[in-house]
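Step one of this worksheet: look at the structure below.
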Amino acid sequence: MTIDNNDLLNSILASLDRIQYINPEEIPGIDLYMDQVTTFMDSRLRSTARHPEEDKILTKTMINNYAKNDLLPPPVKKKYSKEHVLLLIFIYYYKGILSIGDIQTLLGPITKRYFHGNGDFNLEDVYREAFSMEEKQIQALKADVVEKFRTAQETFQDAPKEDADFLRKFAFVCTLSFDVYLKKMMIEKIIDELNTAGRAEGKKKPERPQTED
């Protein structure tokens, strides 16, 4: 079955409109057992899966691996706090594009400083701030997708008629992929800078306390 190009574009834009982040108020205020965590994540993120009926959103094995790789602090008496869930949401979005090591570099300082934070600024505040940009980003992304789609439709003017539709979809995928490739490079550059800064900070020797003569 041939997909009409305008229908394809409208379907993509509609899928972007359906993207919603998990509001902190939706996360239970009580500590959860692992089964309850996986059930909660599945209920809120199932719509983001490529194959909703088959894909696993979060499993016990995944959670154990995250803890083993220091991405997630250990549970307390086998229960996970709201802050654990917030970290798992970050990990869910990062894992499709970043390595475990890169995610550690990003989330390690956040976890160390704000997990179980009792000050005026905590992990939930970090989460809210990070995701507050969502609406503006989606609207900008939709405009960018439309522009890339229109550009792709103007390609392969001299291609055989029977191949033109496929080739223009191929061109659309190429321009979207190039955008992802460049952004991934930029993200990795930032992470490398954070790694370098972190190593330099770790090598600093503590200053000797001054003594009175």
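The values are calculated or read from the model by the stated rules, or taken from the named source; none is laboratory data. Here the structure is a predicted model, which is why all the values come from computation and not from measurement. With ideal geometry, Cβ positions are generated from the backbone for all residues, glycine too; neighbour counts draw on all protein chains shown. Each accessible area value is taken on the protein alone, full model and side chains, heavy atoms only, with ligands, DNA and RNA left out. Shrake-Rupley method; radii C 1.70, N 1.55, O 1.52, S 1.80 Å.
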Notebook entry, point to check: Within segment 1-103, which helices (runs of 4 or more DSSP H) (wholly inside it) include 3 or more residues that are among the β-branched types (Val, Ile, Thr) and within 26 Å of ASN118 (Cβ to Cβ)?
Noted result: 82-94
Next item on the list: Would you mind telling me which numbered condition in (1) in contact (Cβ under 8 Å) with a residue 12 or more places away in the chain; (2) under 20 Å from THR111 (Cα atoms); (3) open to solvent by 50 Å² or more (accessible area, probe 1.4 Å); (4) more than 19 Å from the chain's Cα centre (by Cα) ILE30 fails?
Entry: (1)
Next item on the list: Determine whether segment 192-205 contains at least one residue that is modelled with pLDDT of 95 or more, surrounded by 14 or more Cβ atoms within 10 Å (Cβ to Cβ) and at negative phi.
Entry: no
Check: Inside segment 75-121, can you point out the residues that are open to solvent by 40 Å² or more (accessible area, probe 1.4 Å), touching a Phe, Trp or Tyr at 6+ places or on another chain (Cβ under 8 Å) and within 19 Å of GLU25 (Cβ to Cβ)?
Finding: TYR114, PHE121
Next item on the list: Would you point out the residue of segment 125-134, among those that are in a helix (DSSP H, G or I) and out of contact with any helix residue (DSSP H, G or I) (no Cβ under 7 Å at 6 or more places or on another chain), that is surrounded by the most Cβ atoms within 10 Å (Cβ to Cβ)?
Entry: PHE131
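Every residue, every condition in (1) polar (S, T, N, Q); (2) touching a residue at least 12 places away in the same chain (Cβ under 8 Å), yes or no:
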residue: TYR127; (1), (2): no, yes
residue: GLU134; (1), (2): no, yes
residue: ALA143; (1), (2): no, no
residue: GLN157; (1), (2): yes, no
residue: LYS161; (1), (2): no, no
residue: ALA164; (1), (2): no, no
residue: LEU167; (1), (2): no, yes
residue: PHE170; (1), (2): no, no
residue: MET186; (1), (2): no, no
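Rundown of residues vs (1) open to solvent by less than 50 Å² (accessible area, probe 1.4 Å); (2) out of contact with any Leu (no Cβ under 9 Å at 6 or more places or on another chain), yes/no style:
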{"residue": "LEU123", "(1), (2)": "yes, no"}
{"residue": "LYS136", "(1), (2)": "no, yes"}
{"residue": "ALA159", "(1), (2)": "yes, no"}
{"residue": "THR175", "(1), (2)": "yes, yes"}
{"residue": "ASP179", "(1), (2)": "yes, yes"}
